[in-house]
Amino acid sequence: MDKGTIVRTIVLAVALINQILVSTGLNPIPGTEEQWGEILTAAFTFVTGAVAWFKNNYITATGKEQKEVLKERNLTKAK
């Protein structure tokens, strides 16, 4: 397994354990429900924004190479 798989598995396990504890009436993570709602909303906005920004924007060196290959093969949209 690579590092990404291990990290995703650990995060999933923590989330599932937290969900079970919350379902049984325990609050394992300190803070109010309102505070965590705000934190989760901000995290969701950040993650979706970052994914939308990186997705097909060709900002990395590999992405720029991919864009050049697409241009060479006439596979890009006409602008």
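Any chance you could give the angle, 0 to 90 degrees and rounded to 10, that helix 61-72 forms with the longest Cα principal axis of the chain? Long axis of 61-72 versus the principal axis of the chain: about 40 degrees. Taking Cα atoms only, the orientation of helix 3-23 departs from the longest principal axis of the chain by about 30 degrees. Taking a ≥ b ≥ c as the square roots of the Cα gyration tensor eigenvalues, with a/c under 1.5 meaning rounded and otherwise prolate when a/b beats b/c, else oblate, which class fits region 3-73? Since a/c reaches 1.5 and a/b is larger than b/c, the shape of region 3-73 is classed as prolate. What FRET efficiency, computed as 1/(1 + (r/R0)^6) with R0 = 22 Å and r the Cβ-Cβ distance, is obtained for A15 and Q66, rounded to the nearest 0.05? Result of the calculation: an efficiency of 0.10.
Over the chain, accessible surface divided per residue gives 93 Å², non-protein components excluded, 1.4 Å probe. Taking every lysine pair in the chain that is 8 or more places apart or spans two chains, those with Cα atoms closer than 15 Å amount to 5.
As a fraction of the 1.4 Å probe accessible area of the chain, surface on carbon and sulfur atoms comes out at 65 percent.
The values are calculated or read from the model by the stated rules, or taken from the named source; none is laboratory data. The structure presented is a predicted model; accordingly, all values stated were derived computationally and were not measured. Cβ: placed from backbone, ideal geometry, glycine included. Neighbour counts: every protein chain shown. Keep in mind that these areas ignore ligands, DNA and RNA; they rest on the heavy atoms of the full protein, side chains included. Shrake-Rupley method; radii C 1.70, N 1.55, O 1.52, S 1.80 Å.
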